[in-house]
Every structure is written in C-alpha cells, then in structure tokens.
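Working notes, structure below.
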Amino acid sequence: MDNIYNYKIEDLEDYFLSIGEKKFKAKQIYDWLYVKRVRSFYDMTNIKKELQDKLSSQFSMEFIKIKTIQKSDLTNKYLFQLLDGNYIEAVLMRHDYGISVCVSSQVGCNMGCKFCESGRLKKVRNLETYEMVQEILLIESDIKERIDSVVIMGIGEPFDNYNNVMNFIRIINSPYGINIGARHITVSTCGLIPKIKDFMLENIQVNLAISLHAPNDFIRNSIMPVNKAYSLVELIEVLKEYISKTNRRVTIEYVMLNNVNDSIDNAMELAKLLRGMNVYVNLIPYNETSNLEFKKSSKDTVMKFYDALKKQGINVTIRKEFGGNIDAACGQLRAKEVIK
Ligand code: SAH
C-alpha cells in the first residue's frame, strides 16, 4: 500500500477527483496530516466514514521509528529505523536564527568521496518521499517546536534520488502543510550536472549548495570520484548558467582537509575560479572520523585561507562546528549501528 506521506497536495487533488470526490478534500487531509497531525484516517472527523474506510484501504499511514536520540547543548542526533530495518540519521541544530534540521536522502551513498563516512557504506536504496517527510514530522514531535529550516545534507546524494527529493521539498514547502519556506530549504549536491540542469527549471526558490572542496581537477579527482564524470570546469559552467537563469546565489561548500586543499595557493586558485560569480563560500571544518586518514586543517590554516579569499573579494564564512562529541558528522551514527 502506498504511504499517504508520499503525496503532494496536487497528487491528492487528482486522486480525489478520480474517485468522484471534491478537490478540496486534499486540503482537509493535508490539514489533518500536517497541521493537526493525527495518525489515523479515523481521527479525521470531517471525513465521512465511507471515505475513511476507502482511504484506510488504499493508503498506509505507517511511520518510520526513532531508534535513538543523542542530545547535547545545541544539537540532537536522530537515528531512525525504516520499516524494512535500514537505518538513516538526521541532525537538529539550534542557531541564533532558529532550528535547522539536516536530513538524509538515501540509505548509504554511491558517490564515494574519500573523506566521507557515508561513502564507506555503499548505497542500499533511495529514500522514499514519505521517509524524508517523516524525518521532519518525528523530530518536530520530539522537540514540540517548529523547525525553521531544512538542509538536505545528511546521508546520500539528493540528486541521485531527484524525484523523491523534489516531492519531499514540495510537500514540506506546501502552505497547507508543514509550510517551510523555499528560501529556508537547501539542497546540497556533489555536482551531478544533468540534475543541476533539471533543478534550474523547477521554478522554486530553494537554495542550492555545491560540495566543491577543491580549486582544480587534480585535487578534486583525488578526493571526489564524481569529478571524473563531471569535471570542475563543466560544473562551474553550469553554475554560471544556473545563477544567470535563476538569479539566485549559490553556496560553495569547501571542507578544509589538512595538506590536501588548504594552502594559500589553493585559496588563490579558488578565488580565481569563482571570481565574478554570485556565490558565497562556506569553509567547513572537517569532522575527523577514526576510520579515514584525513585530518582537519588547523584553526590558523582555516583563518589564513579565509583571509586570502576575503582579500580577493570572495564572500566567505566559516561553518560553526556542531555535534562533534555526539558523532553528528555525516554518517557516523549509522556507520556505527551498521558496522558494530
Ligand atoms: N551528497 C551531498 C549531500 C550530503 S554530504 C553532497 O555531497 O553535497 C553533506 C556535506 O558534508 C558535503 O559537503 C560533504 O562533502 C560534507 N562532508 C562529508 N563528510 C564530512 C566530514 N567528515 N566532515 C565535514 N564535512 C563532511
């Protein structure tokens, strides 16, 4: 049976029309699912009994489960168990500007970035839309607060699960449902060019972040296998096209890896690459994991890199570190659960 949380409001409207019901039923259902948040069609008191029966026989309302929560000051780390037994994770972070949640988009990941824990465990499958939607619903019900922003930067490559991720975005963005503003949603990709082109045409104000992590093909090839399929030059070209078409600023993520991509020369090369583009660079302190040989750049190196970019007129920020003490980084919790 198909899960009801897979459905965009337009899909439910089509469904109701197809069974001879009024279109506005879709809005009523959305209100029950996402505003009042009931867990059974029989709690939807403005839906008549026959329709409740029909919906119950056609749609599942089953939920994934929270398996563990690790809480520290500003961070909660959730390990979820899916209905087929697989594990995924999500992280909540409290900022001055509100609560953000980082969600997973796949069970595992096939991109194979050398420094990334998620990549050690190959992709098992894509997440269904409802699984991503329920990550949000379950976290909100745990904290009894509203989430302000969502980043699709957990386990997985969202553009390798493009349709389900876009459905997820449309569902959480719906004003009749969870209502998270498009500008408060960010999708992060390692650079799957054909999907960036599709995303360009979506006509939605969702933010795009690119995991660049290197100023040239030589370094990028050595840490990100995806670069062999879609090179840096092609990626920059398509980003320029994206920026001019959408008029939106793109975030460039750059994880600072000791002696790999963190020299002043690297900063100068990066500045040259990005000059004139409407981007801002987010320098990410590397979260070391015991399984991989990469080390984080020293604070001093990060500051010098930052200063060099600034001097070149590049917008740049340094990402605040969250959750190092609770394995909040990138696939570590799932890796522990699966490999232990
Ligand atoms: N596949 C997508 C989204 C998931 S990864 C992407 O590549 O963008 C989210 C971000 O975390 C990426 O920028 C990724 O390169 C980075 N990342 C992975 N492992 C990390 C680690 N140990 N420390 C810091 N950042 C890491």
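The values are calculated or read from the model by the stated rules, or taken from the named source; none is laboratory data. Values in this document were obtained by computation on a predicted structure and should not be read as measured data. No Cβ is skipped: glycine too gets one built from the backbone with ideal geometry, and neighbour counts run over all protein chains shown.
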Mind checking which residues of the stretch 267-287 are surrounded by fewer than 20 Cβ atoms within 10 Å (Cβ to Cβ) and more than 16 Å from the ligand (Cβ to nearest atom)?
MET268, GLU269, ALA271, LYS272, LEU273, ARG275, GLY276, MET277, ASN278
Check off (1) within 16 Å of the ligand (Cβ to nearest atom); (2) without any contact (Cβ under 8 Å) to a residue 24 or more places away in the chain for LYS311 and give me the number that stays unchecked.
(1)
Could you please give the count of residues in the stretch 1-43 that are outside any helix (DSSP H, G or I), of a type in the set (A, V, I, L, M, F, W, C) and surrounded by fewer than 13 Cβ atoms within 10 Å (Cβ to Cβ)?
3
Tally the residues that are more than 13 Å from the chain's Cα centre (by Cα), in contact (Cβ under 8 Å) with a residue 12 or more places away in the chain and at negative phi, restricting the search to the stretch 183-200.
9
Is there a residue in the stretch 215-236 that is within 14 Å of the ligand (Cβ to nearest atom), crowded, with 20+ Cβ neighbours inside 10 Å, of a type outside the set (Ser, Thr, Tyr) and not in a helix (DSSP H, G or I)?
yes
Just one listed residue, out of MET224, MET277, MET200, is in contact with a Phe, Trp or Tyr (Cβ under 8 Å, 6 or more places away or on another chain) and of a type in the set (A, V, I, L, M, F, W, C), and it is MET200
Among the residues of the stretch 82-93, is there at least one that is free of Cβ contacts under 8 Å to residues at least 24 places away in the same chain and either more than 25 Å from the chain's Cα centre (by Cα) or under 30 Å from MET224 (Cβ atoms) (or both)?
yes
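Here's the yes/no breakdown for (1) of a type in the set (A, V, I, L, M, F, W, C); (2) assigned to a helix (DSSP H, G or I); (3) modelled with pLDDT of 95 or more:
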position	(1), (2), (3)
SER244	no, yes, yes
GLU253	no, no, yes
ASP265	no, yes, yes
LEU270	yes, yes, yes
ASN291	no, no, no
ALA308	yes, yes, yes
ASN325	no, yes, no
ALA329	yes, no, no
ALA335	yes, yes, no
Please indicate, with yes or no, whether at least one residue in the stretch 55-72 is over 25 Å from GLU10 (Cβ atoms) and in a loop (DSSP other than H, G, I, E, B).
yes
In the stretch 128-160, what residues are within 16 Å of the ligand (Cβ to nearest atom), of a type in the set (A, V, I, L, M, F, W, C) and in contact (Cβ under 8 Å) with a residue 40 or more places away in the chain?
VAL150, VAL151, ILE152, MET153, ILE155, PHE159
